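Step one of this worksheet: look at the structure below.
Please treat every number below as a calculation from the coordinates, not as lab data. Just so we're clear, the structure is a prediction, and the values are computed from it rather than from any experiment. Positions of Cβ are generated from backbone atoms using ideal geometry, with glycine treated the same way; all protein chains shown enter the neighbour counts.
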Amino acid sequence: MRRRHTNLSSPARGGGEERRFSLHRRDVLTLAGAAAVSASLQPSVACAQSTSSVKRVGVLQVQPESDPDFHGWRMIFAARLKELGWSEGQNLRIEYRFGSGEAANIAPVAKDLVDQHPDVLFAITALSAIPLRQYTLTIPTVFVQVGDPVSLGLVINLAHPSGNITGFTSGDFEIGSKWIETLKDTVPNLAWTAVFFEAGNPSSTQYILPIEAAAAKLNVRLVPVPVQGVGDIDAAFASFTDLPRGAFIVVPVGFVIRQRNAIIGMAMQRRLPGIYPYRYFAVDGGLMSYGSNIENQYQAAASYVDRILRGTRPADLPVQRPTKFTFVINLKTAKALGLTIPAAVLARADEVIE
């Protein structure tokens, strides 16, 4: 990826843009169905259907329509469909449904969308995919930004599906070793690293295992921080005050992601460097982010929707793991933390925010 520099007037947006979700593991297990996914991610080259046959795509998003990040990703999805020959108002209609940010309120919205009987459903995050799966086992469904669709019960196998749902995972659990290696290269004489994760979320364990293995090799002590409420985050950062040469990692699951503004703000107050899973953390003022490229997922999802609209079964399209990753450094935040980013680390960055 071409390395680029980005200038932002402020390291963080207002707390009003914080993403708020809530879905307990038991709710996930109750809602989730079973299915799976096998084939390649090459878009069809066939001509788009005539204007006399308008296809409908139903999009479900738990976040409010005003959410700036998800708005941009939806536009990427629609633009890719247009490149593939699907023009809204001509041979395609996209029907959007939005939530309030609370997973507990999304079920009736999901049912309403399913009742419209679109040709394909597009689920944004697991919080959308799970209720859609509850209400239909027949309408083809494509999901994005789902950490572990197998443990959530969305699919039973990534490579050999047998149902109506497929998509793109955001989880590459081995990335945990990369996070701690990057902190080791960035923080002078790194002695310990806290790991923020959602207690009870099965994906947390899968991320933590590679982190533990890498920490042992690098002689870095791990401090597990299971969180279920903002109070857990407050208490953890307060306990770090007298511990020098430390840093932290944010695991990309549930509650931890929803509280990113709180974590970023406390990290600045305590002058503690951290690494985050997605680019928008760094844009919002986090020191560094390294993780899967979300924009790429939305483009790939549009290719899957295109193929399904032209007759391919979801069962013939494998669930895809991330293949493209982005490393972002926020130099303004580094300066505020009193941290100098080594030249070797800067050279690895895909994007530097100044």
Which of the DSSP-defined H helices in the chain satisfy a minimum axial length of 18 Å, computed from C-alpha atoms, and a minimum mean Kyte-Doolittle hydropathy of -0.5? 68-83, 202-218, 294-309
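Going by C-beta contacts inside 10 Å, put D284, D148, D242, D112 in order with the fewest on the left. It would help to have the intermediate numbers written out before the result.
Values: D284 25, D148 20, D242 6, D112 14.
Lowest to highest Cβ neighbour count: D242, D112, D148, D284.
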Considering only the chain, what is the antiparallel percent among its DSSP beta bridges, to the nearest 5? 10 percent
In the Gaussian network model of the chain, springs joining C-alpha atoms below 10 Å, which of Q63, Q116, Q259 carries the largest mean-square fluctuation? Q116
Cα coordinate range in region 276-319, projected on the principal axes (Å, largest first): 45, 15, 9
Summing Lys, Arg as +1 and Asp, Glu as -1, what charge do residues with Cβ under 14 Å from the Cβ of G58 carry, G58 excluded? +2
Hey, what D do you get for region 47-141 in µm²/s if you plug the Kirkwood alpha-carbon radius into Stokes-Einstein at 37 °C and 0.692 mPa s? 240 µm²/s
Cα-only radius of gyration and Dmax that characterise the chain, units Å: 20.6, 69
Net charge near P342 (other residues with Cβ under 12 Å of its Cβ; Lys, Arg +1; Asp, Glu -1) is +1
XL table K184/K332; K82/K332; K82/K178; K111/K324; Cα-Cα > 30 Å flagged, in table order, is K82/K332; K82/K178; K111/K324
Fewest-first ordering of Y298, Y135 by Cβ atoms within 10 Å yields Y135, Y298
Sorted by Cβ density within 10 Å, fewest first, the residues S289, S128, S203, S66: S66, S203, S289, S128
Top of L317, L243, L154 by mean-square fluctuation, Gaussian network on the chain, Cα under 10 Å: L243
At 1.002 mPa s and 20 °C, Stokes D of region 206-251 from Kirkwood alpha-carbon radius, µm² per second: 179 µm²/s
Could you work out the percent of alpha carbon pairs in region 108-212 separated by over 17 Å, rounded to a whole number? 60 percent
Tell me, what is the Rg over Rh of region 260-354, with Rh the Kirkwood radius over Cα pairs? 1.16
